[in-house]
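The values are calculated or read from the model by the stated rules, or taken from the named source; none is laboratory data. Only a predicted model underlies this, so the values are computations on that prediction, with no experimental measurement involved. For neighbour counting, all protein chains shown are included, and Cβ atoms are generated from backbone atoms with ideal geometry for every residue, glycine included. Remember, those area values only see protein heavy atoms, side chains included, never the ligands or the DNA or RNA. Shrake-Rupley method; radii C 1.70, N 1.55, O 1.52, S 1.80 Å.
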Amino acid sequence: MKVADEETPLVKGKNPSIDNDDDASHDSRDFEPLMDRVKDVIKVYWSLGFIAFGGPTAHIGIFQDHLVRFHQWLKEDLFLELFALGQGLPGPTSTQLLISTAATHGGVLGGSIAFLMWSLPGFIVLTTASLFLYGIIDPSNPPIWLLGVPPAAVALIFKAFYGFAQKLDTLGVALAMVACAVSVL
């Protein structure tokens, strides 16, 4: 049996295409029924949804460890190709990589379910926290530590605008400023 990566002890050996380099035309989809693969996607991505904090760079490292090294659903080359494709498309690369790696193992249904399994834990935590705060905070008299949140959000928007405006010409900057002023009003 071939070890996927000598640096990590996380090797489980589920994908025969990694173990057998003689016939590279097979992948995990040739050996398992669709519903078994979808169940695998649910198990893996539900647990990843609870531990994956730290931003897109951390997510990509987590995906590589779990999907290439531990579960061996993908070869390193395919993972890197999916990563490069995700970087070339508009939108968040880590989310695109999440969906494409899950779809590679569990089809379109697996990719869709993986997105839900990935997003649901964070949604539950944030919704619970907001309901808890809404129940204990009087909106007409908010605590002092919450008064800085709206100005901080506006500052982040203007920071993003400033970085974007540096790449525009004069007309583009003028149009962006008008759009920003309209949205603030």
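Worth a mention:
- When its C-alpha radius of gyration is set against 2.2 N^0.38 Å (N residues), the range 45-185 gives a value of 1.39.
- Rounded to the nearest 0.05, the FRET efficiency derived from the C-beta distance between residue 50 and residue 180 at R0 = 30 Å is 0.20.
- Cβ-derived FRET efficiency at R0 22 Å, residue 124 paired with residue 153, nearest 0.05: 0.45
- 1.4 Å probe accessible area per residue over the range 26-133, in Å²: 53 Å²
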